[in-house]
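Bear in mind that the values in this text are calculations on the coordinates, not laboratory data. A quick note: this is a predicted structure, and the numbers were derived from the prediction, not measured. Ideal geometry is used to build each Cβ from the backbone, glycine not excepted, and the neighbour counts take in all protein chains shown.
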Amino acid sequence: MSASWLRRTARGLVARGGALSERLVGAGAALLGARATPRWARRARAHRLERFGAIFQLTWPRALVFTDRQFARDALGLHVDPPQWADAEGDGQLTATTLSAPFEAHLQLTNRCAAGCHGCYTGASPQAAGEWGLAEWRRALEELARCGVFHVALGGGESATLPWLGELAAYAHELGVVPNLTTSGLEGLDRLLAIHDRFGQINVSLDGLGEVYRAVRGFDGFAAADRAVRALRAVKRDVGLNVVVTRANFAHLETLFAYARDLRLSEVELLRYKPAGRGTLGYEQRRCTDAQHRALFPLVAGAARRHRVRIKVDCSYTPMVVHHRPDPELLAQLVVYGCTGGDFLIGAKANGQLTACSFAAPPPPLEERRPRVDELGAYWGAAGAFAPFRDWRESAEPCRSCAYLTLCRGGCRVVAAHLGEATEPDPECPRVIDHRRRAGDLDDGAGLGDPPGRRRHLRVI
């Protein structure tokens, strides 16, 4: 996958975005040929104005397109500039400040799940207490819609078992918010098949085929997950995989890409293994090696070309991508950014507590109480909100002088917090490892960038 091909693709998407955005604004949905408008897209938010310009939502191809002010003026037919554009220097400057609100919220609807996966980042269990119900999550959706959120990623635990999941998804539609879903496929499949059309994308968590699944998760659940993938794909086009990448399954990713191609799945999303929940236990043994991290981007680029599969990587993998020195302008065109917790996205625990991302602990109390997701608007602009996630501009070396800082943002804050301090550069970034090795702070034989003698402990943000 060449840089020139990616550049042409990015420019083509933006160019098509203009025409499709006009249809979105005028008709509420974008069509490609004779394809019927899916249910989830019929009332989806079409755009949101921002200081730099605007964000447009396309339903086909599915994308959020970030534009400067002139593009937004032309697409929306604006004759008078909105108040957000009063500052002329902000035109087109996406990273100058945080967004006016996140464009996506990851909602952990429940922490109930009987699977007991080794690396479950929520620490899910069969019992749960103090969780929100339908009324509270409806209130949260109302707040998210008011703030201008485009998507919600619904998960658990195993949210497919919730009797009110379909009702919540339908309410998201009413508010113009697109609900997407992640499921293990181990429980609640029949109930989910009955409401599949209420979701934009449904991804099944599948970390490997056969024995690889067992090696990663600690039990044999592949047959059930595979059955869910096939059953959902039989009734829905937008079905994909969520794959947590570990030391044990890295060498087998190619088989997952082939599996996705054979079943004509819409995407494979690769998630970096993180020290959250049960993932903190044995983290150093399960996380990928430095060599695997360095090999990730060439592997993904080659697999996408060979299998014609859409492969996505989560924001915490950006340090591993920029290690290969892709064109920064191209990455900006594709809106490829590192840790965007507390900015592009936010999370919420099953009790409604607001977090910067799905893997982070709730922020410190504000006025003697931790903020809740249904109070997002009040917390968003508060002093110190979502620190240290928003403090990437103050990064230490080697991030401070890195040409990719505004894109990478210092890497994953959750990994940094677990292995040191949340404000430090991501210690698993290849460039950070090389920098520390040159400075004599890292033994040549060390694993992934922890300074010699540093005690690894379970720090949380």
> Looking at this structure, is residue 99 of a type in the set (A, V, I, L, M) and either closer than 30 Å to residue 225 by Cα or surrounded by fewer than 19 Cβ atoms within 10 Å (Cβ to Cβ) (or both)?
Replying inline: no
>> Between a residue in segment 232-244 that is more than 25 Å from residue 359 (Cα to Cα) and any residue that is among the aliphatic types (A, V, I, L, M) and not in a strand (DSSP E or B), which pairs come within a Cβ distance under 6 Å, given they are 6 or more apart or on different chains?
In response: 233/263
>> Any residue at all in segment 318-340 that's under 18 Å from residue 106 (Cβ atoms), assigned to a helix (DSSP H, G or I) and either of a type outside the set (Ser, Thr, Tyr) or without any contact (Cβ under 8 Å) to a residue 60 or more places away in the chain (or both)?
In response: no
> Restricted to segment 42-64, and to residues that are in contact with a His (Cβ under 9 Å, 6 or more places away or on another chain) and of a type in the set (A, V, I, L, M), which residue is surrounded by the fewest Cβ atoms within 10 Å (Cβ to Cβ)?
Replying inline: 64
> If you take the residues of segment 138-166 that are assigned to a helix (DSSP H, G or I) and of a type in the set (Asp, Glu), which of them is surrounded by the fewest Cβ atoms within 10 Å (Cβ to Cβ)?
Replying inline: 142
> If you check residue 296 against the conditions, is it under 18 Å from the mean Cα position of the chain (by Cα), part of a helix (DSSP H, G or I), without any contact (Cβ under 8 Å) to a residue 60 or more places away in the chain and crowded, with 18+ Cβ neighbours inside 10 Å?
Replying inline: yes
> Which one of these does residue 127 not meet: (1) polar (S, T, N, Q); (2) part of a loop (DSSP other than H, G, I, E, B); (3) crowded, with 16+ Cβ neighbours inside 10 Å?
Replying inline: (3)
>> I'd like to verify a number: residues in segment 264-276 that are assigned to a loop (DSSP other than H, G, I, E, B) and either in contact (Cβ under 8 Å) with a residue 60 or more places away in the chain or farther than 11 Å from residue 206 by Cβ (or both), how many?
In response: 6
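Every residue, every condition in (1) of a type in the set (Val, Ile, Thr); (2) more than 19 Å from residue 121 (Cα to Cα); (3) surrounded by fewer than 22 Cβ atoms within 10 Å (Cβ to Cβ); (4) under 18 Å from the mean Cα position of the chain (by Cα), yes or no:
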{"residue": "413", "(1), (2), (3), (4)": "no, no, no, yes"}
{"residue": "419", "(1), (2), (3), (4)": "no, no, no, no"}
{"residue": "423", "(1), (2), (3), (4)": "yes, yes, yes, no"}
{"residue": "428", "(1), (2), (3), (4)": "no, no, no, no"}
